[in-house]
There are 2 protein chains.
Amino acid sequence: MCYEGALEKLRARGLKVNPERFLAEFDRMSRIGWVEGYGMNRLALSENHVAIRMDLMEQLKALGAKVKVDEAGNIIAELGEQGEAIAVGSHLDSVPGGGRFDGAYGVIAGLEVLRTIKESNVRLRHRLVLIDFNNEEGSRWSPPLLGSGLSCGVYTRDFVYSRVDRNGVRFEDALRNTGFMGSPENNISCNPPRFYVELHIEQGPELYSKGYDIGIPQGIVGIRVVELAFRGSQDHASSPLWARRDALTGLVIVKNKLEEYALERVDKLRVTIGRVNVEPNVANVVPGEVRFTVDIRSYDPNIIDETVKYIVENGEDVARRRGLDFEHRDLWYIERTLFDTQVVKTIEEACEEFEFKCLKTWSWAGHDAQNMARVSRTGMIFIPSVNGRSHSKDEYSGDEDLVKGLLTLLNVILALDSS
Amino acid sequence: MCYEGALEKLRARGLKVNPERFLAEFDRMSRIGWVEGYGMNRLALSENHVAIRMDLMEQLKALGAKVKVDEAGNIIAELGEQGEAIAVGSHLDSVPGGGRFDGAYGVIAGLEVLRTIKESNVRLRHRLVLIDFNNEEGSRWSPPLLGSGLSCGVYTRDFVYSRVDRNGVRFEDALRNTGFMGSPENNISCNPPRFYVELHIEQGPELYSKGYDIGIPQGIVGIRVVELAFRGSQDHASSPLWARRDALTGLVIVKNKLEEYALERVDKLRVTIGRVNVEPNVANVVPGEVRFTVDIRSYDPNIIDETVKYIVENGEDVARRRGLDFEHRDLWYIERTLFDTQVVKTIEEACEEFEFKCLKTWSWAGHDAQNMARVSRTGMIFIPSVNGRSHSKDEYSGDEDLVKGLLTLLNVILALDSS
């Protein structure tokens, strides 16, 4: 194995690192909610999400950690009595049909970090905190990062509690009904950790395809999601083409233009049309309305703004040429986040010490780390995703990479603790 | 009013025609299930559909008609004791968000025909029959024309009864639960009428835009509906464009090509992509699957076959170029129907007598008349649809046109009765 040197170095510092135990535990926990052929079925506060969180809390309590829940339903577990805190964590909720690694890897590795430090009787100068954020994905309640957003003071309680899922269930009611309604005094913003380090799969192909062990994002790209709607006229499929105002043509033309536009900016921009709703969605009726989302990502805020402008101009142009009505609105805009330069440097040095090949990069996906970056000195550690697959049942990271990420995280915590 | 001459001619033959009563009754009945701002909410065997059918049956019974229900839940009402039958009719179910005229016009005008003949004490040589067909639209249970299909012996009972709606409700169970499970001996195929004439709105812009009063279809175009599916890879919206296999591109390219293709054959062909389902349909996930229907209509069966071939070739080409999986299947194929030449001629003569400007045309929409044409000598009468709008809340036909259609239908029945 190519992490033997790293293992030895950590063991020399008194850490009883146990990669096999971690891999077994990851395998067991990350299968809660797994459906063969479909992928992960662990939407926020669903039955399976509650099940894995109960499992986590039991293990944390058995470790002697103090386990609290804040008013967003985030689980916050602490080891140690005094000093400032170093926090690790991620999330256990999933997108529908997602993978076993996204989020769960960071939480289960964080649990292993607490267990290793506790069992090794290593005394840290900082308290050690594990955070399991609630509703990170935004698949059940939009926008994403609701849990960290409320706890870090980005979103108001009223905004977060009033979010409604597709079945009309309010976030607040789901917190109460699942037993995850905690106290506002446990919110992270009341007592933020000094450092926050989140370990996560890359969710992109860069590390895997270029042969890196570890990715170190300098920050998280800005993400803006706009919703476009074209309204035409809901006609019978017998109507002649010249008499139609087919709303679906709006989607087709915008998608076509946008693909070309994004390919010209392939290193700087990513766009996705992910949600499409057609009304009335019946085979023999010309679509009267098409409503769809465009997810726009870039580390350059100007590129995001220019892209939205391009989309809106094109939408208006299509609408004019095709006799459609057009409207657009922002669903959410999460600005670019820059991570703490000292934390980024510490991760780099930790990798160098272990001779892990690391790449400075950007995170193209949103993470709770971006909300944590507002209250704590924050950084992230990425491991390779095979073929870059994520939000998919085919999401995969190999055991060696899972362990390398865990060892890097341990090394970073030790370095930050003595900083 | 421009139908005074026609009125006089009918009254001279002893018919107590009452256009005002008909318009008032049409207005009242056609509002059952109407939702302001949405349109018609009268899916087959829904609460509103049952309500309008109960209303119809009460009125038919009050007229002294013998009211029966067949094993497809079609309502069949008879006036007169002996002789062969002349039947009129249409359907009262609607597409979601449809108009007040499609189907309902033919049934309510048929009711007025029975009422007028009964009250006028005009003795016909034929029995007079009104048929209200069940599940014509196919919006709740696919395929369309289920009611006439079973009753006329086109579909088997097993096939029709096992149809399932989006909520998993079987057609057979809905028949039982709504009280519309009738007897097989009432099926039209057991005792078909000699003639069947269906009065309907055109659902296209031809009559309205060219200033005709009445359209006389020579037949109904063939309708083939295929379902296409592209499967790519369900990736996170953070993935770079070059690493994606976005299923939505399949829809976009096929729709684009198809529009061009259909515009080159605009008088002979109509194609519609009406139903689109994207999986997992979440803003921050690249679509892993797109499944959609293409509705293809032409009076020339060769054009339909060539179009399907074109679509499949294009689908395969897109799939190959974009690394997608592609599959296609026929959902249904209803072949072209030719109407009875004597009935078509009788309608033409009835219009000429009334000095109604009429146009020989094709029906681009499917109608129960195509199943009736297999057992009875059949024809249809169209009235103009304003701007050709149909399957839409904006579907509209003016009062004068509604009355002209009714008077033409009465005249045709008298002519067929003496033929």
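In the stretch A:276-292, of all residues being surrounded by fewer than 22 Cβ atoms within 10 Å (Cβ to Cβ) and at the interface with another protein chain (Cβ under 9 Å from one of its Cβ atoms), the one that is farthest from B:Gly219 (Cα to Cα) corresponds to A:Val276.
Picking from A:Asp325, A:Asp317, which residue would you name as being surrounded by fewer than 22 Cβ atoms within 10 Å (Cβ to Cβ), touching a residue at least 24 places away in the same chain (Cβ under 8 Å) and either under 23 Å from the mean Cα position of the chain (by Cα) or away from chain B (no Cβ under 13 Å) (or both)? Unique residue meeting the criteria: A:Asp325. Scan the stretch B:19-34 for residues that are touching a Lys or Arg at 6+ places or on another chain (Cβ under 7 Å) and free of Cβ contacts under 8 Å to residues at least 12 places away in the same chain and the total you get is 0.
For the criterion of being within 14 Å of chain B (Cβ to nearest Cβ), among the small types (Gly, Ala, Ser) and on the phi > 0 side of the Ramachandran plot, A:Gly89 fails.
Please enumerate the residues belonging to the stretch A:195-234 that are at pLDDT below 95, touching a strand residue (DSSP E or B) at 6+ places or on another chain (Cβ under 7 Å) and closer than 30 Å to B:Arg297 by Cα. The answer is A:Gln234, and nothing else. Residues in the stretch A:365-383 that are of a type outside the set (S, T, N, Q) and in a strand (DSSP E or B): 6 in all. Each residue in the stretch B:101-139 was checked for being buried (at least 24 other Cβ atoms within 10 Å of the Cβ), part of a loop (DSSP other than H, G, I, E, B) and either more than 14 Å from chain A (Cβ to nearest Cβ) or out of contact with any strand residue (DSSP E or B) (no Cβ under 9 Å at 6 or more places or on another chain) (or both), and 1 of them qualify.
Yes/no matrix, rows are residues, columns are (1) buried (at least 22 other Cβ atoms within 10 Å of the Cβ); (2) of a type outside the set (Ser, Thr, Tyr):
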| residue | (1), (2) |
| --- | --- |
| B:Gln370 | yes, yes |
| B:Ser376 | yes, no |
| B:Gly379 | yes, yes |
| B:Asn387 | no, yes |
| B:Gly398 | no, yes |
| B:Val412 | yes, yes |
| B:Ala415 | no, yes |
| B:Ser418 | no, no |
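If the condition is being more than 18 Å from A:Asp267 (Cα to Cα) and touching a strand residue (DSSP E or B) at 6+ places or on another chain (Cβ under 7 Å), then the stretch A:295-317 contributes A:Ile311, A:Val312, A:Gly315, A:Glu316. Residues considered: B:Glu395, B:Glu349. Of these, the only one that is in contact with a Ser or Thr (Cβ under 7 Å, 6 or more places away or on another chain) and either within 25 Å of B:Gly153 (Cβ to Cβ) or not polar (S, T, N, Q) (or both) is B:Glu395. Taken over the stretch B:370-386, the criterion of being more than 14 Å from every other protein chain (Cβ to nearest Cβ) and either under 19 Å from B:Ser148 (Cα atoms) or among the small types (Gly, Ala, Ser) (or both) is satisfied by B:Asn371, B:Met372, B:Ala373, B:Arg374, B:Val375, B:Ser376, B:Arg377, B:Thr378, B:Gly379, B:Ile381. Regarding A:Ser392, is this residue modelled with pLDDT under 95, away from every other protein chain (no Cβ under 14 Å) and part of a loop (DSSP other than H, G, I, E, B)? So A:Ser392 fails the test.
Against the test of being more than 30 Å from B:Thr293 (Cβ to Cβ), in contact (Cβ under 8 Å) with a residue 60 or more places away in the chain and either among the charged types (D, E, K, R) or surrounded by fewer than 23 Cβ atoms within 10 Å (Cβ to Cβ) (or both), the options A:Asp394, A:Asp330 yield a single qualifying residue, A:Asp330. You will find that of B:Ser376, B:Ser385, the residue that is polar (S, T, N, Q), more than 30 Å from A:Arg245 (Cβ to Cβ) and assigned by TED's automatic domain parsing to the domain that holds B:Gly211 is B:Ser376 and no other. For beta carbons closer than 6 Å, sequence separation of 6+ or different chains, a first residue in the stretch A:225-237 that is over 16 Å from B:Gly37 (Cβ atoms) and a second that is in a strand (DSSP E or B) and hydroxyl-bearing (Ser, Thr, Tyr), the qualifying pairs are A:Val225/A:Thr293; A:Glu227/A:Thr293; A:Ala237/B:Thr272. Could you tell me whether the stretch B:328-339 includes any residue that is over 18 Å from the mean Cα position of the chain (by Cα) and not acidic (Asp, Glu)? Within the stretch B:328-339 (the criterion being over 18 Å from the mean Cα position of the chain (by Cα) and not acidic (Asp, Glu)), the answer is yes, since at least one residue qualifies. Taking the stretch A:53-76 as the range and being crowded, with 24+ Cβ neighbours inside 10 Å and not in a loop (DSSP other than H, G, I, E, B) as the test, the residues that pass are A:Arg53, A:Asp70, A:Ile75, A:Ile76. The number of residues in the stretch A:1-36 being among the β-branched types (Val, Ile, Thr) and not in a loop (DSSP other than H, G, I, E, B) comes to 1.
Taking each residue of the stretch A:143-168 that is on the phi < 0 side of the Ramachandran plot and assigned by TED's automatic domain parsing to the domain that holds A:Ala369 and looking for partners that are in a helix (DSSP H, G or I) and charged (D, E, K, R) with beta-carbon atoms closer than 9 Å, six or more apart or interchain, yields A:Leu150/A:Arg157; A:Arg157/A:Glu172; A:Val160/A:Glu172; A:Tyr161/A:Glu172; A:Tyr161/A:Asp173; A:Ser162/A:Glu172; A:Arg163/A:Glu172.
Across the stretch A:248-264, the number of residues qualifying as over 27 Å from the mean Cα position of the chain (by Cα), surrounded by 19 or more Cβ atoms within 10 Å (Cβ to Cβ) and at the interface with chain B (Cβ under 10 Å from one of its Cβ atoms) comes to 6. Of everything listed in (1) touching a His at 6+ places or on another chain (Cβ under 9 Å); (2) assigned by TED's automatic domain parsing to the domain that holds A:Ile383, the single unmet condition for A:Ala229 is (2). In the stretch A:338-369, which residue that is of a type in the set (Val, Ile, Thr) and away from every other protein chain (no Cβ under 14 Å) is nearest to A:Gly405 (Cα to Cα)? Once the filter is applied, the top-ranked residue is A:Ile347.
The values are calculated or read from the model by the stated rules, or taken from the named source; none is laboratory data. Just so we're clear, the structure is a prediction, and the values are computed from it rather than from any experiment. Because the Cβ atoms are built from the backbone with ideal geometry, glycine has one as well, and the counts that use them run over all protein chains shown.
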